[in-house]
1. Based on what the data block shows, is Asp10 of a type in the set (Asp, Glu), in a loop (DSSP other than H, G, I, E, B) and open to solvent by 10 Å² or more (accessible area, probe 1.4 Å)?
2. Only one of these conditions is not met by Asn282: (1) closer than 26 Å to Cys315 by Cβ; (2) open to solvent by less than 50 Å² (accessible area, probe 1.4 Å). Which number is it?
3. Please go through segment 194-228 and give me each residue that is open to solvent by 60 Å² or more (accessible area, probe 1.4 Å) and either over 18 Å from the mean Cα position of the chain (by Cα) or of a type in the set (S, T, N, Q) (or both), ordered by number.
4. Show the residue pairs that are 6+ apart or on different chains and have beta-carbon atoms under 6 Å apart, the first residue being within segment 225-248 and over 25 Å from Asn329 (Cα atoms), the second being of a type in the set (Gly, Ala, Ser) and open to solvent by less than 10 Å² (accessible area, probe 1.4 Å).
5. Give me the pairs, please: first residue somewhere in segment 177-193 and touching a residue at least 40 places away in the same chain (Cβ under 8 Å) and more than 17 Å from Met133 (Cα to Cα), second residue anywhere and open to solvent by 30 Å² or more (accessible area, probe 1.4 Å) and part of a loop (DSSP other than H, G, I, E, B), beta-carbon distance under 9 Å, and either six or more positions apart or on two chains.
6. Mind checking which residues of segment 292-322 are farther than 22 Å from Gly1 by Cα and open to solvent by 10 Å² or more (accessible area, probe 1.4 Å)?
7. May I ask you to verify whether Val333 is touching a residue at least 40 places away in the same chain (Cβ under 8 Å), over 21 Å from the mean Cα position of the chain (by Cα) and not in a loop (DSSP other than H, G, I, E, B)?
8. Only residues that are at pLDDT below 95 and within 23 Å of Tyr26 (Cα to Cα): list them for segment 92-110, please.
Amino acid sequence: GFPNHRSIFDSIREQEKLLHLPYHSYNYILRFFNEAAIDPAVKEIYVTLYRVAADSHIVNALISAAKNGKKVTVFVELKARFDEANNLRWSKKMKAVGIKIINSIPGLKVHAKVALVKRQEGKQWQHYSFMAMGNFNEATGRFYTDHVLFTTNPEFSQELEWVFEYLQSRKQSSDYPKISFKHLLVSQFNMIKRFNQLIDREIEFAEKGLPARIIIKLNNLQEREMITKLYKASKAGVRIDLLVRSICCLAPGLPIQSENIKVHRIVDRYLEHARVFVFHNNGQPEYYMGSADWMNRNLHSRIEVVFPLYDPKLCKEIDDILQLQLKDNRKAVLFTSALE
């Protein structure tokens, strides 16, 4: 966690932090923005807002930051279902204090949950990246399960800068100069290609007789290309466990087609909102998480950001959570196919 008596930025700089909401307090996120608003060393703040609370402490912190002379840039998605009025109202308030507001891109929804804080530390600039899968919304943060990463990884911050530059251009990705994301998976750019590569690698291991495993947790699974790729992996012998809370268009357990795929659904006190992707990689597993479900809308007509976890301790935390959920025999339901 974050020691209470220290600056949150000192704590993040010392070690990457991963929150598991709502089991961890949402106050850490509010503290991140509140400290950024009043810290004289913080010069710039960038954030994407998708679903804003009616009485948003985060937006109030951004307004305070602008009043304190900081450069604040906010992308506001005005097409966020049920929250259009909230978002429009907050946009006007932020614009009134000098915050640079970037509104929706025509034909694209921005569903990414990211923020970037630039802080001057001595003669150096330090960048603090915030990447998550839940909204910047303290109301839903009380009952949505989500994971939030705070990091000073310079490669992440560089690629987040590219995301914000692209959003400020308000262009379609096809009209934007080629960006080469190496760490982040960003829909419209490299996300589908990278997911295909990660699944193909597991298929290659399976075909060589090596252990091959995929674990994916989603809200919704509907996109045809990804489902077809998972069927291909299953046929090759890759063992696949899916945790899908809502829509699932994949038929598990069919002979030949999907006999190596199990689909679990957990409905409990909290709404399972996390998106996590684990690829076994012949004993050196890679972990990704982010805002994107595997639906047509998420992969083809939205800006989503999925990020890798590199810290082994944080990967272990995520693995422990996934294994616990895969063993659940009280709140979990195991899908069976009607075609069986």
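1. For Asp10, the condition - of a type in the set (Asp, Glu), in a loop (DSSP other than H, G, I, E, B) and open to solvent by 10 Å² or more (accessible area, probe 1.4 Å) - is not met.
2. Going through (1) closer than 26 Å to Cys315 by Cβ; (2) open to solvent by less than 50 Å² (accessible area, probe 1.4 Å) one by one, Asn282 breaks only (2).
3. Gln197, Glu204, Glu207, Lys208, Gly209, Leu210, Pro211, Arg224, Glu225, Thr228
4. Listed by first residue and then by second, the contacts come to Tyr231/Ser258.
5. So the pair list comes out as Gln188/Gln172; Gln188/Tyr176; Gln188/Ser301.
6. Hits for segment 292-322 are Met295, Asn296, Arg297, His300, Ser301, Arg302.
7. yes
8. Val110
The values are calculated or read from the model by the stated rules, or taken from the named source; none is laboratory data. Because the structure is predicted, anything quoted here is derived from the model rather than measured. Every residue, glycine as well, gets a Cβ built from its backbone with ideal geometry; the counts of neighbours run over all protein chains shown. These accessible areas exclude ligands, DNA and RNA; they are computed on the full protein's heavy atoms, side chains included. Shrake-Rupley method; radii C 1.70, N 1.55, O 1.52, S 1.80 Å.
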